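Everything on this sheet refers to the single structure shown next.
The values are calculated or read from the model by the stated rules, or taken from the named source; none is laboratory data. Because the structure is predicted, anything quoted here is derived from the model rather than measured. No Cβ is skipped: glycine too gets one built from the backbone with ideal geometry, and neighbour counts run over all protein chains shown. Just so you know, the surface numbers come from the protein's heavy atoms only, side chains and all, with ligands and any DNA or RNA stripped out. Shrake-Rupley method; radii C 1.70, N 1.55, O 1.52, S 1.80 Å.
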Amino acid sequence: MAEGIDPLELMPVSRMARPLRALLRGWAGVVLGFLYLPIAFMVLFSFGESRTPGLPFRGPTLHWYQEMLSNGVLMEAVWTSIQLAAVATTLSTLIGTMAAFPLVRSGFRSAGAARIVFTLPIMLPGALIGIALLIFFRRALGVDLSFWTVVMGHIVFTMPFVVLIVSARLQGFDRNLEWAAADLGASPARAMRHVVLPLIAPAIVAGALISVTLSIDEFVITFFTVGPQSTLPTYIYTQIKFGVTPEVNAVATVLLLGTVLLLGLAWAAAGQARRLSRIFGRRRARERIG
Amino acid sequence: MSVPAIELVDATKRYGTSMALDRVSLRIERGEFFCLLGPSGCGKTTTLNLIGGFIPLTSGELRIEGQRVNDMPPHKRNVNTVFQNYALFPHMTVEENVAFGLRMARLGSGETATRVDEYLALVGLEAFHDRLPAQLSGGQQQRVALARALARRPAVLLLDEPLGALDLKLRKQMQVELARIHRQVGTTFVFVTHDQEEALSMATRIAVMSAGRVVQSGTPRDIYYHPVDRFVADFIGESNFLEGVAVRDGARSYVRLGGGSTVDAPADAPPGSVTLMVRPESVSVGPAPATNGEASLSGRVIHVAFIGNHTRVTVRTPAGDIVALRPHSEGSASSALDELLDQEVCAWWSPRDSTIVAHGSTEKIDERLV
Ligand SMILES: Nc1ncnc2c1ncn2[C@@H]1O[C@H](COP(=O)(O)OP(=O)(O)OP(=O)(O)O)[C@@H](O)[C@H]1O
Ligand SMILES: [Mg+2]
């Protein structure tokens, strides 16, 4: 928009260019509407007064949000989801970060292939992973489904994202910085702590945040691997069997807000890389002096 | 003799089948400003990385201050490096960068602060304590890298083309600065460059490298006026090469050149087929030599070029073209040279200023060095 001139305005390639462009714009609008209109209605209805959501809209009211907070079963599902996300994220961030190092650095010929194998679960259908895990836990290991089986299930699909993000950051990491640290008297462990980890911290944080959002939202794999407890998505699913209540809309709206917030944070973490590195580096540096 | 700061004995580094360094032996004395000079890919960085401990030797021996350090990891070696791309820690301020090496040495915080101030002052960056590397110019980053490496007071400072990324003016300025800092701290400097002028002007000694070997090492003067072979002579400045046969006749030796002319040769010329080298600035051009005993060739001036501080005169003689570089001042001298074009003249030099160089393979040269 800098020059304010659309090249198509200056160069009518054909007589059809103008109407075609208008048509494409309209089409883009339709696609956007298709993507976001349902979500917009869901958010809108969560503020509606009517018990059976629909038009015309009456409200707004926070009634369904109060209802949501006083629903013990729902709150328990939320709490399970939070614990699940916390444990799964911690483990997948740890394992994923450690896996990224040999993938980027060992320099073995099949590093590219290894990366594909590591990140393949991103592309596999959730149902497939879910069924495979279910069979594995029940038939191969012979264990009952529980909180820990669902944690494993979540690690399977969140860890690849951590591997992907952290190894991208490691790829661009200047090895000279490690040499410089060693040159200045840092043992490999201290070079890792004072130089490498602070510099890849933004990627680790971004990976962890994405892992949290994925875990909180995940339905399919949870459904196959979870024990007697319900998580937020499985609770919503069971509720919907009895019809979509505005309460479910309220829960989903909160979930949406949380997800957007976490993704925003992950994005900011990547953008504020230097500041984050400094925070991580500094705390460690102070430890040393003190 | 005292213990040298660095000693390489037959140091060899092989990558697969390619030899990055081939039996290099060097002795660098304490307090020297030692330059590794050579074309791209000749093994300068490899040599520095071996000394720094970043890559292991394939065979041979490396001693720092008399101690064999082949298997010592870099963080235990008493040497520090200024990397070509500076390798400043981007998440630390200037102050934290310089303090890093001191912290790793577990120096007290008081002593650390004093040292940081001292070395930032040495490189003229007192006012930049809290800047991040990204907020500094290339020249300033270079100075931080220097202060960071020197603050540990290493026995040897390694510098890998530290001025390579700077523009010409800043480069000249930093050359002067580096020389001053070297005098001030007295540390041994091992300096890598592929700029012959930089090496000549700064080094106490130079090792000229080619294809993983040290072809010649010596003082700048030595290397400039008495290169061992055509490669060194060509790499360092412009030269006139004359092919001929050296003849010893009693106390006098001379070289019979192509075209039937003869010139007096340096006293140590070995009889036989030789290449005589003389630097352009040693050659005078005029009607005839002013004194006796000069080596002299007559010919026709085919080119005169004004190149700023000098005039470059090319004389075509039966033995080949001779280039003479003459200083001039504005006015009479330069116009006198201009008028030489197409004239029959003499080009002459003192036999002491010429030298016999080898022109064979590097194998031959190594034999001469052993
Ligand atoms: N990791 C490596 N693997 C294989 N060959 C290498 C490796 N590092 C260097 N070499 C080879 O060793 C030789 C010497 O390289 P080196 O980096 O020491 O050259 P240099 O003199 O520093 O050159 P430049 O002036 O371009 O920096 C080169 O032929 C290079 O290709
Ligand atoms: Mg190099």
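How high is the relative contact order of chain A, in percent, with contacts defined as C-alpha pairs under 8 Å that are six or more residues apart? Mind showing how you got there, number by number?
Values: 304 pairs, mean separation 78.9, N = 290.
Across chain A, relative contact order equals 27 percent.
Using the Cα centre of segment A:72-289 as origin and beta-carbon charges of +1 (Lys, Arg) and -1 (Asp, Glu), tell me which of A:Gln83, A:Phe224, A:Gly130 is placed farthest towards the positive end of the dipole.
A:Gln83
Peptides A:214-221, A:168-175: what's the order by average Cβ count within 10 Å, highest mean first?
Result, highest mean Cβ count within 10 Å first: A:214-221, A:168-175.
Please compute, for peptide B:253-260, the average count of beta-carbon atoms on other protein chains lying within 10 Å of each residue's beta-carbon. Can you show the working numbers first?
On the way: counts 0, 0, 0, 0, 0, 0, 0, 0.
Taking the mean over all residues of the peptide, I get 0.
Which of the residues in segment B:45-69 lose at least 40 Å² of accessible area when you go from the chain alone to all protein chains together (probe 1.4 Å)?
For segment B:45-69, once contacts with the other chains are taken into account, B:Phe54 lose 40 Å² or more.
Take chain A, connect every pair of alpha-carbon atoms lying under 10 Å apart with a spring to form a Gaussian network, then pick out the residue of A:Ala132, A:Ala17, A:Ala189 with the largest mean-square fluctuation.
Looking only at A:Ala132, A:Ala17, A:Ala189, the largest GNM fluctuation is found for A:Ala17.
Counting heavy atoms of the protein chains only and a 1.4 Å probe, report the per residue accessible area for chain A as a whole number of Å².
Details: 16600 Å² over 290 residues.
On a per-residue basis, 57 Å².
In debye to the nearest 20, how big a dipole does segment A:72-289 give about its Cα centre with +1 on each Lys and Arg Cβ and -1 on each Asp and Glu Cβ?
Numbers: 18 positive and 9 negative charges, 195 e Å.
With only Lys, Arg, Asp and Glu charged at Cβ, the dipole is about 940 debye.
Counting only residues 5 or more places away or on other chains, whose amide H sits under 5 Å from the amide H of A:Gly59 once H atoms are built in the peptide plane?
Result for A:Gly59 returns A:Glu49.
Short version: what are the Cα gyration tensor semi-axes of chain A, square root of 5 times each eigenvalue, largest first, in whole Å? Numbers along the way, then the final one.
Numbers: eigenvalues 298, 206, 89 Å².
Result for chain A: semi-axes of 39, 32, 21 Å.
Considering only protein heavy atoms, what per residue accessible area in square angstrom results for chain B with a 1.4 angstrom probe? Walk me through the numbers on the way to the answer.
Numbers: 16190 Å² over 370 residues.
That works out to 44 Å² per residue.
Please compute, for peptide B:97-105, the average count of beta-carbon atoms on other protein chains lying within 10 Å of each residue's beta-carbon.
Average neighbour count from other chains, rounded to a whole number: 5.
With Kirkwood's inverse mean 1/r over C-alpha pairs for Rh, give me the Rg to Rh ratio of chain B, two decimals please. Each step should come with its number before you reach the end.
Values: Rg = 24.6 Å, Rh = 23.2 Å.
When Rh is taken as the Kirkwood radius, the ratio is 1.06.
Just read off the accessible area of A:Thr238 with the full protein assembly in place, 1.4 Å probe, to the nearest 10 Å².
Around 50 Å² of this residue is reachable by solvent.
If I model the protein assembly as shown as equal point scatterers sitting on the Cα atoms and use the Debye formula, what is log10 I(q)/I(0) at q = 0.05, 0.10, 0.11 Å⁻¹?
Log10 I(q)/I(0), no solvent term: -0.44, -1.04, -1.14.
Which order do B:Cys35, B:Cys346 take by accessible area at a 1.4 Å probe, largest first? Display every interim value, and only then the final one.
Working: B:Cys35 0, B:Cys346 20 Å².
Per-residue accessible area, sorted high to low, gives B:Cys346, B:Cys35.
Residue by residue through segment B:116-131, which ³J(HN,Hα) values in whole Hz follow from phi under the Karplus form 6.51 cos²θ - 1.76 cosθ + 1.60 (θ = phi - 60°), with glycine and proline marked x?
4, 4, 4, 7, 5, 5, 4, 9, x, 10, 4, 8, 10, 2, 9, 6
Given Cα pairs under 8 Å that are at least 6 residues apart, what percent is the relative contact order of segment B:120-253?
On the way: 109 pairs, mean separation 20.3, N = 134.
Computed value for segment B:120-253: 15 percent relative contact order.
At 1.4 Å probe size, with the rest of the protein present, what percent of the exposed accessible area of segment B:128-231 is carbon and sulfur atoms? List each step's numbers first, then the result.
Working: 1980 of 4020 Å².
Of all accessible area on segment B:128-231, carbon and sulfur atoms account for 49 percent.
List the pairs from B:Lys44/B:Lys76; B:Lys13/B:Lys172; B:Lys13/B:Lys76 whose alpha-carbon separation is above 28 Å, in the order I gave them.
On the way: B:Lys44/B:Lys76 22 Å; B:Lys13/B:Lys172 33 Å; B:Lys13/B:Lys76 21 Å.
Listed pairs above 28 Å: B:Lys13/B:Lys172.
Only four residue types carry charge here, +1 at the Cβ of Lys and Arg and -1 at the Cβ of Asp and Glu. Report the dipole size of segment B:169-292 about the Cα centre in Debye, rounded to the nearest 20.
On the way: 13 positive and 13 negative charges, 69 e Å.
In debye, rounded to 20, segment B:169-292 gives about 340.
Could you order B:Glu243, B:Glu65, B:Glu29 by accessible surface area, starting with the largest, using a probe radius of 1.4 Å? Numbers along the way, then the final one.
Values: B:Glu243 90, B:Glu65 70, B:Glu29 45 Å².
Ranked list, largest accessible area first: B:Glu243, B:Glu65, B:Glu29.
Can you give the accessible area buried between chains A and B, summed over both chains, with a 1.4 Å probe, in Å² to the nearest 100?
The buried area between A and B, both sides summed, comes to about 2500 Å².
Roughly speaking, to the nearest percent, how much of segment A:72-289's 1.4 Å accessible area is carbon and sulfur?
71 percent
If you plug each phi of segment A:134-149 into the Karplus form 6.51 cos²θ - 1.76 cosθ + 1.60 with θ = phi - 60°, what whole-Hz ³J(HN,Hα) values come out, in order, with x for Gly and Pro?
4, 4, 4, 5, 6, 8, 7, 8, x, 9, 7, 5, 7, 4, 6, 5
In sequence order, what are the phi-derived ³J(HN,Hα) couplings for segment A:15-25 according to the Karplus relation 6.51 cos²θ - 1.76 cosθ + 1.60 with θ = phi - 60°, rounded to whole Hz, with x for glycine and proline?
Whole-Hz 3J(HN,Hα) from phi for segment A:15-25: 5, 7, 3, 4, x, 4, 5, 4, 4, 4, 4.
Just tell me how shielded B:76-86 is by partners: mean number of partner chain Cβ atoms within 10 Å of each residue's Cβ, no decimals.
Values: counts 3, 3, 1, 1, 4, 6, 2, 6, 1, 4, 2.
Partner-chain Cβ atoms within 10 Å, mean over residues of B:76-86: 3.
Among B:Gln184, B:Gln216, B:Gln175, which one moves the most in a GNM of chain B with springs linking Cα atoms closer than 10 Å?
B:Gln184
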